[in-house]
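Student: Got a structure here, written out as structure tokens. Questions coming.
Rule-based calculations on the coordinates, nothing more; no lab input. Everything quoted here is computed from the prediction, not taken from an experiment. Here the Cβ positions follow ideal geometry from the backbone for every residue, glycine too, while neighbour counts run over all protein chains shown.
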Amino acid sequence: MNAPEPRSYWHLTFPITLETQPLPESADLVVVGAGVLGVNAAYAGARAGARVVLIDQFGPAEGATGRNGGFLTEGTALGYARTLALFGHETARAMWQLTVDNRALARQIIGEEGLDCWYRETGHLDFSLDAQDWEADQASVEALRRDGFYAESLTPAQTQALVGTPLSAEIVGARYTPQCGLLHSSRLAGGLAAAAVRRGAVLARATVTGIEDERVITDQGTITARGIVIAANAWTHRLAPVTRELIVPVRGEALSYAPHEPVFGPGMGTSVTPTGEYWQQTLDGSIVIGGCRAVAPNRDVNVLSNVATPGTQAAIEQVLPRLFPALRGLSVQHRWAGPMAFTPDYTPIADRAPGARNAWFAGGFCGLGMPFGFAFGKRLAESALSGSPSAGLRPFRLGRFAERAMP
Ligand SMILES: Cc1cc2nc3c(=O)[nH]c(=O)nc-3n(C[C@H](O)[C@H](O)[C@H](O)COP(=O)(O)OP(=O)(O)OC[C@H]3O[C@@H](n4cnc5c(N)ncnc54)[C@H](O)[C@@H]3O)c2cc1C
């Protein structure tokens with residue numbers, strides 16, 4: 001099976017060339033899916049000394065991970081104020097803290113393994129485009145700071161100081177999180193998969209068609225495993241059918257501009273459309289930008305596709321000229337889309353897969369999987385190897401949807 005088209009900027013600037021191996025008959029841990037979650041689970045398992053097999057239908061970074069914006073931020077897609085309102089103080093704080101710990105773990109692994117994944121802690125700017133937006137951003141910053149997390153509210157002048165081209169008057173301020181980072185998604189996933197292989201993991205290319213007790217059934221044969229991690233995000237429902245209504249595929253689109261003189265240091269985001277936009281300038285000067293799915297029919301919910309569409313792409317192309325009127329010379333080089341997955345409460349799920357003996361899954365990152373991938377990957381590997389839930393997963397349990405009505 002060929003790699004899915006179209007290729008993203010990340011795929012094209014770092015093709016992953018890791019050799020795959022035949023599926024062995026047994027393992028301590030089988031990980032299904034080699035995105036940011038799966039490569040972390042495989043790496044953690046191999047590092048703990050387990051016999052690990054990492055299986056992907058296409059190869060590492062062929063799902064959302066190799067098609068994303070390359071942001072390693074903090075927090076959930078819902079934002080802190082709404083997470084507090086929905087889950088209560090203790091749970092919201094624990095959720096947020098996990099994403100802070102995730103970044104520390106990412107930094108540690110990238111350093112220890114010497115991963116050349118262009119990781120840099122540039123900070124992240126969220127632009128406010130009107131007074132209501134600005135007030136909400138300030139409230140969010142205050143709530144975060146009250147709970148010991150770090151964020152700042154910036155005036156337009158302070159915001160301008162962090163951007164290398166004049167801002168439109170539409171930008172009335174920003175929320176700034178200086179500790180957030182950017183990276184090269186394909187370099188990260190390829191590097192971490194290679195680190196897992198160096199520590200003894202087997203990388204196999206196969207499509208998993210079912211999980212029955214300790215048996216993982218694939219189109220290349222069956223493998224038995226003491227523990228299983230399902231890291232299939234937008235495809236989770238195929239292996240854990242109970243998640244069909246809870247982890248829903250959503251197409252996200254992006255494009256990259258050809259290398260440009262440096263203008264954007266931090267990662268950036270805003271809401272020109274209600275579903276949001278985000279962009280970063282990479283280390284080769286290219287600008288990767290995505291979002292605008294609000295213009296697609298039904299916001300591309302339930303669309304599992306990598307194909308970019310003219311409507312959403314045209315909307316993305318309007319974002320930078322509108323916000324930075326002096327910016328010249330943008331030339332689109334690559335266009336792509338990728339499979340995100342959303343949950344009803346805009347918060348990921350991580351739990352034991354119902355009906356399976358010792359299979360664990362996480363998914364439904366709602367467009368923000370990097371703040372969870374390292375921490376969840378490690379915890380899912382620990383859970384699958386020990387047979388009991390690792391600390392920190394409880395706030396994300398599947399049972400929360402049955403416990404109370406969701407928005
Ligand atoms: C356009 C776009 C921009 C985004 N920007 C950001 C961002 O900047 N920051 C951020 O934090 N998040 C972002 N996201 C979301 C983020 O990319 C995802 O949340 C994250 O990559 C999910 O990682 P994952 O490992 O769970 O899933 P994926 O990366 O989707 O990996 C799942 C893997 O499972 C494999 N698989 C599935 N089913 C099977 C099967 N049956 N057998 C074998 N293999 C299987 C797939 O081939 C795939 O490789 C973005 C997403 C998109 C699409």
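Student: Please state, as a whole number in µm²/s, the translational diffusion coefficient that the Stokes-Einstein equation yields for the range 124-178 at 37 °C and 0.692 mPa s, with Rh defined as the Kirkwood radius across alpha carbon pairs.
Tutor: D = 293 µm²/s.
Student: A follow-up question, please. So, in nm, how far is label Asn302 from label Ala48 when the simple model puts each one 7 Å beyond its Cα toward the Cβ?
Tutor: Result for the modelled spin labels: 3.8 nm.
Student: Normalised by the number of residues in the range 248-340, what is the relative contact order in percent for Cα pairs under 8 Å and 6+ residues apart?
Tutor: 42
Student: If you don't mind, another one. Counting only DSSP beta bridges with both residues in the chain, what percent are antiparallel, rounded to the nearest 5?
Tutor: Close to 70 percent.
Student: Could you sort 68-75, 284-291, 114-121 so that the peptide with the highest average Cβ count within 10 Å comes first and the rest follow in order?
Tutor: Order by mean packing, descending: 68-75, 284-291, 114-121.
Student: If we restrict to alpha carbons, what Rg and Dmax does the range 293-348 come to, in Å?
Tutor: Expressed in Å, the Cα Rg and Dmax of the range 293-348 come to 14.0, 40.
Student: How fast does the range 1-140 diffuse by Stokes-Einstein, in µm²/s, taking the Kirkwood radius from C-alpha pairs at 10 °C and 1.306 mPa s?
Tutor: Diffusion coefficient, whole number: 88 µm²/s.
Student: Next question, about the same structure. Tell me, Kirkwood radius of the range 147-221 from alpha-carbon pair distances, in Å?
Tutor: 17.6
Student: Over the Cα atoms of the range 62-190, what radius of gyration and what Dmax do you get, in Å?
Tutor: When restricted to Cα atoms, the range 62-190 yields Rg and Dmax of 15.9, 45 Å.
Student: Given just the C-alpha atoms of the chain, how large is their convex hull per residue in cubic angstrom?
Tutor: Value for the chain: 124 Å³ per residue.
Student: Cβ neighbours within 10 Å, averaged per peptide: list 163-169, 38-44, 55-61, 229-235 in order, most packed at the top.
Tutor: 38-44, 229-235, 55-61, 163-169
Student: Using +1 at the C-beta of Lys and Arg and -1 at the C-beta of Asp and Glu, which of Val39, Ala193, Thr207 has the Cα lying farthest in the positive direction of the dipole of the chain?
Tutor: The Cα lying farthest towards the positive end belongs to Thr207.
Student: Follow-up question, since we're still on this one. For His334, which sequence-distant residues (separation of 5 or more, or a different chain) have an amide H within less than 5 Å of its own amide H, given hydrogens modelled in the peptide plane?
Tutor: Amide H neighbours of His334: Ser256.
Student: What fraction of the Cα pairs in the range 358-399, stated in percent, has a spacing above 11 angstrom?
Tutor: Here the long-distance tail beyond 11 Å is 64 percent of all Cα pairs in the range 358-399.
Student: For the range 308-407, what mean projected area does the convex hull of the alpha carbons give, in nm²?
Tutor: 9.8
Student: Stokes-Einstein at 4 °C, 1.567 mPa s, Kirkwood radius from Cα pairs: D for the range 176-270 in µm² s⁻¹?
Tutor: Value of D from the Cα-based Kirkwood radius: 74 µm²/s.
Student: What's the magnitude of the charge dipole for the range 124-178 around its Cα centre, counting Lys and Arg as +1 and Asp and Glu as -1 at the beta-carbon? Answer in Debye, nearest 20.
Tutor: 200
Student: Treat every Asp and Glu Cβ in the chain as -1 and every Lys and Arg Cβ as +1, leave all other atoms uncharged, and give the resulting dipole magnitude about the Cα centre to the nearest 20 debye.
Tutor: 600
Student: Over the Cα atoms of the range 248-340, what Rg and Dmax result, in angstrom?
Tutor: 12.9, 39
Student: Taking H placed 1.01 Å from N in the peptide plane, check which residues at least 5 places from Gly35 or on another chain put their amide H under 5 Å from its amide H.
Tutor: Ala61
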